[in-house]
Amino acid sequence: MPRPARLVGPAPVLALILGGLSPACGDDGTSTATGSATDSDASTSDTSTSDTSTSDASTSDATETTGEPATGEALFAEHCASCHGASGEGSSLAYELRHPIRDYSTFVVRSGRPGPEFPNSAMPAFAADVLSDDELARIWDYLDDFPQASDGEALYLDYCANCHAVDGSGGVSEYDIRAAQSAIIASQVRKGSGGTNYGSRTLYMPAYSAERLSDAELDALAAYVDAML
């Protein structure tokens, strides 16, 4: 019951699937007026130099100010927060992302997501030259650092709702878990399904070890699902 992206599949997450997640628009070069290029060379030269200088000064503030690589929090704010919320809590545009399943979430970031669950909110793919693997790891570390939920409802919203819907009715996984017995839920959570078939929202579900969800937490989550009907 990942939190893919709230990126992002019965699975978790990432989108997370990661400024912001909105694709850049209208920069295909087809509207450039070549006839006026010569006339504007003199006037654009100065502004071009100024723009470049301004851009350089504002790039990677965390790195330039401290001399250290940008933190996961700073990277998240730059690339993800506009859709996934200021601290990964999710929004009307994209999933909750806290405690991501890293392999799955990385797949979502690198592949993008059509976003039919969130109208007008498709997520573009982020290549390694935009977000490196090391930078992604820092983002996952930041999102993993939030405290673990402490009750069944909060655990369900964190680990299950992205894929099974807030009310357990199926969501993008198309699997209604409200009638499932607690023992079946617990077994499925521990073993997962779909292997590494991350692209299938109806087949893939990560396995959650006791280090991620303790037996007591899993019992609380299953009891919350039992009470949904």
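The values are calculated or read from the model by the stated rules, or taken from the named source; none is laboratory data. None of the values given here were measured: they were computed from a predicted structure. Ideal geometry is used to build each Cβ from the backbone, glycine not excepted, and the neighbour counts take in all protein chains shown.
Some values worked out for this structure:
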quantity	calculated
Given (1) under 14 Å from the mean Cα position of the chain (by Cα); (2) modelled with pLDDT of 90 or more; (3) not acidic (D, E), number of the condition I185 does not satisfy	(1)
E153 being surrounded by 12 or more Cβ atoms within 10 Å (Cβ to Cβ), assigned to a loop (DSSP other than H, G, I, E, B) and of a type outside the set (V, I, T)	no
Only listed residue being modelled with pLDDT under 90 and of a type in the set (S, T, Y), chosen from S121, S169, S111, S132	S121
Qualifying positions in the range 170-193 - within 24 Å of V108 (Cα to Cα) and loosely packed, with under 14 Cβ neighbours inside 10 Å	E174, K191
Any chance A220 is out of contact with any Pro (no Cβ under 9 Å at 6 or more places or on another chain), assigned to a helix (DSSP H, G or I) and buried (at least 19 other Cβ atoms within 10 Å of the Cβ)	yes
Qualifying residue in the range 74-91 (condition: among the hydroxyl-bearing types (S, T, Y), assigned to a helix (DSSP H, G or I) and either farther than 22 Å from A165 by Cβ or modelled with pLDDT of 95 or more (or both))	yes
Condition met for R138 (within 27 Å of S214 (Cα to Cα), among the basic types (K, R) and within 10 Å of the chain's Cα centre (by Cα))	no
Flag for D167 being buried (at least 21 other Cβ atoms within 10 Å of the Cβ), under 23 Å from the mean Cα position of the chain (by Cα) and of a type in the set (D, E)	no
Any chance T196 is over 17 Å from G90 (Cβ atoms), of a type in the set (V, I, T) and surrounded by fewer than 15 Cβ atoms within 10 Å (Cβ to Cβ)	yes
Failed item, numbered, when A86 is tested on (1) touching a strand residue (DSSP E or B) at 6+ places or on another chain (Cβ under 9 Å); (2) of a type in the set (A, V, I, L, M); (3) surrounded by fewer than 16 Cβ atoms within 10 Å (Cβ to Cβ)	(1)
Hits in the range 170-191 - residues which are in a helix (DSSP H, G or I), touching a helix residue (DSSP H, G or I) at 6+ places or on another chain (Cβ under 8 Å) and hydroxyl-bearing (S, T, Y)	S173, S182
